[in-house]
Amino acid sequence: MSFPFAADDDKLREECGVFGVFGHQDAAALTALGLHALQHRGQEAAGIVSFDGVAFHDERHFGLVGDKFTNRAVIERLPGERAVGHVRYSTRGGPTERNIQPLFAGFSGGGFAVAHNGNITNALELQEELQRRGSIFQSSCDTEVILHLIATSPHERLVERVIDALSVVEGAWSLVCLTSKKMIGCRDPLGVRPLVLGELDGAPILASETCALDIIGASFVRDIEPGEMVIVTADGIESRRPFAPKPSRFCIFEYVYFSRPDSIVEGRGVYDIRKAIGAELAREAAVPADLVVPVPDSGTPAAIGYAEAAGLPFDLGIIRNHYVGRTFIEPSDAIRHMGVKLKHNANRAVLAGKRVILVDDSIVRGTTSSKIVQMVRDAGASEVHMRIACPPTTHSCFYGVDTPDKSKLIASRLSIADIQDFIKVDSLQFLSLDGLYRALGEAGRRAGAPQFCDACFSGDYPTRLADQERFAGPDAEPEPTVVPLLVRTG
Ligand code: SF4
């Protein structure tokens, strides 16, 4: 069976990005631009729902935002001053149009569109209960349980029904919702995924990252707090905290890899954090060398930080082809390996005869790393040392990230020494978990009460994993068979 395979298949992938605008004449066009800036959070499909004061309108398309939503006719089919949008990446359950968000439902109180970043970890449990009560599911998105919970809530007012629904939902959810009168933004009490509030010409904007505000010239107002719900109406913005507060567990991998380096996330500039990570790595894992080379593009800021801290020259020894896009080919090992060369090539002029420190953000499967190392050796490097800007990725993510099966996470089955042999480097070191926390300005990881979610490094999941534990045990792989009807949608 063929399925989408990307040339950078050796990375964890964020599954979704969300955006919303309330009260601007160019709402749909601004949403398309915002989603374009969030494209790194999902490249499989995009959708926008708008409201023109009378009716809702929607457009859902597979492919990149720039390919589908730059068409004037598409934007003209999304009239109105209010719009919400979503970009999605998910291979689980197979891509179908019904899974493209924002999801939309017609309730007794009116239409309701929801765009979700994250994953609901008790979705199947909730789905079974809802089906016993008569709900009929239309998509295979975990997000759909939220719609059914709202529809069946005994409360009268819509906002109370949304709160009622979310109070039984577990996992990670940053939501942007649109009704005929309101735009609602909210984050789960742990605040696992980001969500920011911005403003353009007096119109409130909600977005996964600040880079989506920058592209439309909007100003950043503030982060939506963990457990906060903001309700935007024509009268202004109301902030509520309807959920029991919990210590924040923001996803630490957003800083390592997911978020764009030009975003400000939870008060920290991602680019600066990645340079600090590189500097910390240089302090923890120094090695005599001539040159620091990033694995582009995601390893670049950490490599700059490493080189500065180590007092070594930095140079572009690997050149990235930016025009690869997503390639849809059979994922046999032979062709998977070719995919690396579609994206990267060695720069012989820089590498020949040099002792090279390669800096990458993470190692997931290890297949790409071994090919890149071979490429650098073939270009004449005399030594290749690999430094990784995070700890070994040993556990799957259940909070909105497309993770390979645990058995395919190389660090879950091999020691660091064995990974070093597998990718054939002269030395390999990962940043320690405490080192990652130090790069984030913390003294270290607080034992028993960590400041972030770091479960893919530690296995310390901040919520129960109800569906996963029930069907396969906590260490099982997140196969689609584990959750037969609902897939993760990010
Ligand atoms: Fe982020 Fe990893 Fe936690 Fe998932 S498990 S939310 S990727 S830190």
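The values are calculated or read from the model by the stated rules, or taken from the named source; none is laboratory data. No experiment lies behind these values; they were computed from the predicted model shown. Methodologically, a virtual Cβ is constructed for each residue, glycine included, from the backbone with ideal geometry; neighbour enumeration extends over all protein chains shown. Heads up: the accessible areas ignore ligands, DNA and RNA and are worked out on the full protein's heavy atoms, side chains in. Shrake-Rupley method; radii C 1.70, N 1.55, O 1.52, S 1.80 Å.
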For the range 271-439, what size does the Cα cloud have along each of its three principal axes, sorted from largest down, in whole Å? 42, 37, 30
Solvent-accessible heavy-atom area per residue, rounded to whole Å², over the range 80-143 at 1.4 Å: 34
Cα-based Rg / Dmax (Å) for the range 6-249: 16.5, 49
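Work out the length of the dipole vector of the chain about its Cα centre, built from +1 on the beta-carbon of each Lys and Arg and -1 on the beta-carbon of each Asp and Glu, and round it to the nearest 20 debye. The partial results should precede the final answer.
On the way: 51 positive and 63 negative charges, 89 e Å.
With only Lys, Arg, Asp and Glu charged at Cβ, the dipole is about 420 debye.
Could you tell me the calculated FRET efficiency between Asp418 and Ser219, based on Cβ-Cβ distance and R0 = 41 angstrom, to the nearest 0.05? Walk me through the intermediate numbers first.
Details: r = 50 Å, r/R0 = 1.21.
Once the sixth-power term is evaluated, E becomes 0.25.
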In angstroms, what radius of gyration and Dmax does the range 140-259 have, counting Cα atoms only? 14.5, 43
Whole-Å semi-axes of the range 144-207's equivalent ellipsoid, largest first, each the root of 5 times a Cα gyration tensor eigenvalue? 22, 16, 8
Calculated from DSSP helices alone, with each H run of at least 4 adding -39500 (n - 2.57) and the total divided by the residues of the chain, [θ]222 nm to the nearest 500 comes to -7500 deg cm²/dmol
Computed label-point distance, nm, for sites Val287 and Thr70 using a 7 Å Cα→Cβ extension: 4.1
Whole-Å distance linking the alpha carbon centroid of the range 186-256 with that of the range 355-434 is 34
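At a 1.4 Å probe radius, carbon and sulfur cover how many percent of the accessible area of the range 271-439? Intermediate values should be presented prior to the final figure.
On the way: 3520 of 6620 Å².
Roughly 53 percent of what the probe reaches on the range 271-439 is carbon or sulfur.
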How many lysine pairs are close in the chain, with Cα atoms under 16 Å apart and the two 8 or more places apart or on different chains? 8
I'm a student and want to see the number: the projected area of the Cα convex hull of the chain, averaged over all directions, in nm². 21.9
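Please compute the per residue accessible area over the range 271-439 with all protein chains in place, 1.4 Å probe, rounded to a whole number of Å². It would help to have the intermediate numbers written out before the result.
Working: 6620 Å² over 169 residues.
Here the residues of the range 271-439 average 39 Å² of exposed surface.
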